[in-house]
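Participant: Next up is a structure, given as structure tokens.
The values are calculated or read from the model by the stated rules, or taken from the named source; none is laboratory data. On a predicted model such as this, the values are computed, not experimentally measured, just so you know. All Cβ positions, glycine included, derive from the backbone under ideal geometry; neighbour counts span all protein chains shown.
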Amino acid sequence: MTPRIVLLALLLLGSHGAVLAQGGLSSDEPRLEIRNGVAAAIPIAVVPFALESSGLPPDTDIAAVIAADLNRVGQFRSLARQDVVEYPAREAEVKFPTWRVLKQDFLVVGRVQDAEAGAYRIEFELFDVAKQQRLQGLALTARAGDLRGAAHQIADLVYEKIIGIRGAFWTRIAYITSIGSLKDRQFALMVADSDGYNPQTVVRSREPLLSPAWSPDGKKLAYVSFERGNSSIYLQDITTGQREVLASYKGINGAPAFSPDGNRLALTLSMSGNPEIYVMDIASRRVTQVTRHFAIDTEANWMPDGRSLVFTSDRAGKPQLYQIPVAGGDATRLTFSGEYNAGGVISWDGKQFAMVQGNGNVYRIAVLDRSLGSPGETRVLSPGNLDEAPSYAPNASMLIYAAREGSRGVLYAVSADARVRQRLVLADGDVREPAWSPFRQR
Amino acid sequence: MNTPIRLILAAALCVGVAACAKKATVVETQPEPMPVAPDTTAAVDDGKYDAEDLETVACLRQRVVYFDFDRSDIRSEAQEILACHGKYLRDRSSAQVTLEGHADERGTREYNLGLGERRGNAVSSALQANGGSAGQLNVVSYGEERPVAEGSNEEAWAQNRRVEIVYTAK
């Protein structure tokens, strides 16, 4: 090792240490817990990025963020930092035999350089170790405050190059927090990075907030608030904070869900006397009734083609998932295993349905997989007792859901194969109802 | 660890107050109006309730109806309370009630909104069967969003599955 590289490594280790310390000190930072080892995962080494910038070292360890992203999706296993023995920063410095001895299939190297106006230019390269081949080499520019975002985008590109599906690390989650005592509570609708970092408040309320739903362009959130006494559905621009009431009918106004084109909103209204599914044309606010049944019909979500809705109904006694054409008509029951199935969400390809499945006093996240056709197979994804509110990543590689631990709610991200789970500790108090954002526009 | 202490505290605070569970709920949006209902019917022994009875008559002071898990049918022990409130509503046509329906934490939040409303409607029907009129009754469901008891156990769940009878006009 040349002295330059040693110094560089020390600098990077230093900045890595700072990130860890920050995580330990602030309760707003997420804690990462990989619960299950993954033997079958693809080994990949992400070498600490070389600092070739003249200024102070950035406080984000880009390689660590990329490695953490790849680890939590289940399909990868990144080489532990202490096992990284060489620090190549570009193709010319890569010695493939080293990485072959370390049994790595892929290698990521990169470097951070100065860009204009205090920003950074980040270059990275991806190699196939066995073929000794460069698969990818790209550069990104990022503001000093957005190096985590740049790292997530690199992780997305690496994921896509190797797996063949667009990565979903550079995305966000919306969720609800509740702090304080039963008598004095403060609710907030929050948005954070998909790994829980950079939490930001969208709206605060003394009254309950629930059911956040992303618009397909990722710019707006619809949600339910009780601030007018009864439930109402609000639509809020998350950048400007501007908001409007979409629905405030007599009775329940709940369960908003945007159509894939963003022009319509499925929602639950009980103005007819009991909860029914409606579809609202957002521009005109006109609502059309979809279900007509004396049971509770709620929690509608759109199939990817925008032509039918999957919803919860207890028309057979206990809640189960059903599918109905948006134009109305007969509902078809989807779920037959489990005594209680509710809160169904749909993967981007319309082949998988995640839901809350209750058996006795145990509520877990289950997935109905119909990739091999109906009726499909059901598997349980979560091990908790009161797990709820599953939400798919836009590429369906992961889900996020809420769990209870003691008296508080926490969020877990779980890989679609259920082999890796990661807890996101986002705030003190109760955290619940996560909603994964659509892909962000680069 | 905290929960039993809090429950005891809540109980202690509520000593002598009938509507304990109600007091434990924060309803900040609608501060309770003081009883200003005109008391034109001066007759004391016509067998009709008047506004003061809400605070003195035992069955009228009970304003919480509890439910079984995932059910919305009125239990037999609540029939007497509802008969009482139904008669009050018949006797005092100016009285207005909001029925706040609640569910325990199990199951999804949106389904529980529906369940809370179904419970509120069941109480509304029972009050109408006992003399109240639909125009006096307003149902609001809070689902599982406003628990009165903390904890993930049968005892807390049983307290949280409820409809609160809130007089907005006496």
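Participant: Mind checking whether some residue in segment A:421-432 is buried (at least 22 other Cβ atoms within 10 Å of the Cβ), of a type in the set (S, T, N, Q) and at negative phi?
Facilitator: yes
Participant: Residues A:LEU126, A:LEU138, A:LEU210: which one is outside any loop (DSSP other than H, G, I, E, B) and touching a residue at least 40 places away in the same chain (Cβ under 8 Å)?
Facilitator: It is A:LEU210.
Participant: Something else now. Residue by residue through segment A:265-313, note down the ones that are of a type in the set (D, E, K, R) and surrounded by fewer than 21 Cβ atoms within 10 Å (Cβ to Cβ).
Facilitator: Selection gives A:ASP281, A:ARG285, A:ARG286, A:ARG292, A:ASP305, A:ARG307.
Participant: Confirm whether A:GLN113 is more than 15 Å from A:VAL65 (Cβ to Cβ) and assigned to a strand (DSSP E or B).
Facilitator: Spelling it out, A:GLN113 is indeed more than 15 Å from A:VAL65 (Cβ to Cβ) and assigned to a strand (DSSP E or B).
Participant: On to the next question. Scan segment A:63-117 for residues that are under 24 Å from the mean Cα position of the chain (by Cα) and of a type in the set (D, E, K, R) and jot them down.
Facilitator: A:ASP69, A:ARG72, A:ARG77, listed by residue number.
Participant: Can you confirm whether B:ARG71 is within 14 Å of chain A (Cβ to nearest Cβ), basic (Lys, Arg) and out of contact with any strand residue (DSSP E or B) (no Cβ under 8 Å at 6 or more places or on another chain)?
Facilitator: yes
Participant: Looking at A:GLY343, A:GLY338, A:GLY329, which one is over 20 Å from A:ASN253 (Cα atoms) and either free of Cβ contacts under 8 Å to residues at least 12 places away in the same chain or touching an Asp or Glu at 6+ places or on another chain (Cβ under 6 Å) (or both)?
Facilitator: A:GLY329
Participant: Count, please, the residues in segment B:103-121 that happen to be surrounded by 22 or more Cβ atoms within 10 Å (Cβ to Cβ) and within 20 Å of B:LEU60 (Cα to Cα).
Facilitator: Result for segment B:103-121: 2.
Table: residues versus (1) in contact with a Ser or Thr (Cβ under 7 Å, 6 or more places away or on another chain); (2) more than 14 Å from chain B (Cβ to nearest Cβ); (3) closer than 21 Å to A:ASP261 by Cβ.
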{"site": "A:ILE179", "(1), (2), (3)": "no, no, no"}
{"site": "A:VAL191", "(1), (2), (3)": "no, yes, no"}
{"site": "A:VAL202", "(1), (2), (3)": "no, yes, no"}
{"site": "A:LYS219", "(1), (2), (3)": "yes, yes, yes"}
{"site": "A:SER231", "(1), (2), (3)": "no, no, no"}
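Participant: Suppose we keep only residues that are among the β-branched types (Val, Ile, Thr) and outside any loop (DSSP other than H, G, I, E, B) within segment A:316-339. Which one would you say is surrounded by the fewest Cβ atoms within 10 Å (Cβ to Cβ)?
Facilitator: A:THR332
Participant: Going through segment A:299-315 one residue at a time, which ones are assigned to a strand (DSSP E or B) and within 23 Å of the chain's Cα centre (by Cα)?
Facilitator: A:GLU299, A:ALA300, A:ASN301, A:TRP302, A:LEU309, A:VAL310, A:PHE311, A:THR312
Participant: Starting from residues that are over 13 Å from the mean Cα position of the chain (by Cα) and in a helix (DSSP H, G or I), keep the ones in segment B:105-116 and report whichever is farthest from the other protein chains (Cβ to nearest Cβ).
Facilitator: B:ASN112
Participant: Just the residues that are in a loop (DSSP other than H, G, I, E, B) and within 11 Å of chain B (Cβ to nearest Cβ), please, taken from segment A:272-293.
Facilitator: Passing the criteria: A:GLY273, A:ASN274, A:PRO275.
Participant: Quick check on segment B:40-59. Is at least one of its residues touching a residue at least 24 places away in the same chain (Cβ under 8 Å), under 28 Å from B:GLU154 (Cβ atoms) and either part of a loop (DSSP other than H, G, I, E, B) or of a type outside the set (Asp, Glu) (or both)?
Facilitator: Checked against the condition, which is being touching a residue at least 24 places away in the same chain (Cβ under 8 Å), under 28 Å from B:GLU154 (Cβ atoms) and either part of a loop (DSSP other than H, G, I, E, B) or of a type outside the set (Asp, Glu) (or both), segment B:40-59 yields at least one hit.
Participant: Between B:ALA126, B:ALA122, which is away from chain A (no Cβ under 14 Å), closer than 25 Å to A:ARG315 by Cβ and among the hydrophobic types (A, V, I, L, M, F, W, C)?
Facilitator: After applying the criteria, what remains is B:ALA126.
Participant: Next up: Out of all the residues in segment A:312-347, which are in contact with a Leu (Cβ under 7 Å, 6 or more places away or on another chain) and either within 12 Å of chain B (Cβ to nearest Cβ) or modelled with pLDDT under 95 (or both)?
Facilitator: Scanning segment A:312-347 gives A:THR312, A:LEU321, A:ASN341, A:GLY344.
Participant: List the number of the failed condition for B:GLY131; all other conditions in (1) surrounded by fewer than 24 Cβ atoms within 10 Å (Cβ to Cβ); (2) out of contact with any Ser or Thr (no Cβ under 6 Å at 6 or more places or on another chain); (3) part of a helix (DSSP H, G or I) hold.
Facilitator: (3)
Participant: Suppose we filter segment A:133-150 for residues that are closer than 22 Å to A:ALA92 by Cβ, surrounded by 13 or more Cβ atoms within 10 Å (Cβ to Cβ) and of a type outside the set (Gly, Ala, Ser); how many remain?
Facilitator: Within segment A:133-150, residues that are closer than 22 Å to A:ALA92 by Cβ, surrounded by 13 or more Cβ atoms within 10 Å (Cβ to Cβ) and of a type outside the set (Gly, Ala, Ser) number 5.
Participant: Which numbered condition trips up A:LYS351, out of (1) buried (at least 18 other Cβ atoms within 10 Å of the Cβ); (2) modelled with pLDDT of 95 or more?
Facilitator: It fails just one condition, (1).
Participant: Where residues in segment A:239-270 are within 11 Å of another protein chain (Cβ to nearest Cβ) and not in a strand (DSSP E or B), which of them is farthest from B:GLU110 (Cα to Cα)?
Facilitator: Checking each candidate, the answer is A:LYS250.
Participant: Among the strands (runs of 3 or more DSSP E) lying completely within segment A:348-440, list those that include at least 2 residues that are within 12 Å of another protein chain (Cβ to nearest Cβ).
Facilitator: A:352-359, A:362-369, A:388-392, A:398-405, A:408-415, A:430-436
Participant: Being within 25 Å of A:ARG432 (Cβ to Cβ) and not aromatic (Phe, Trp, Tyr) is the requirement here; does A:ALA295 meet it?
Facilitator: The answer is no for A:ALA295.
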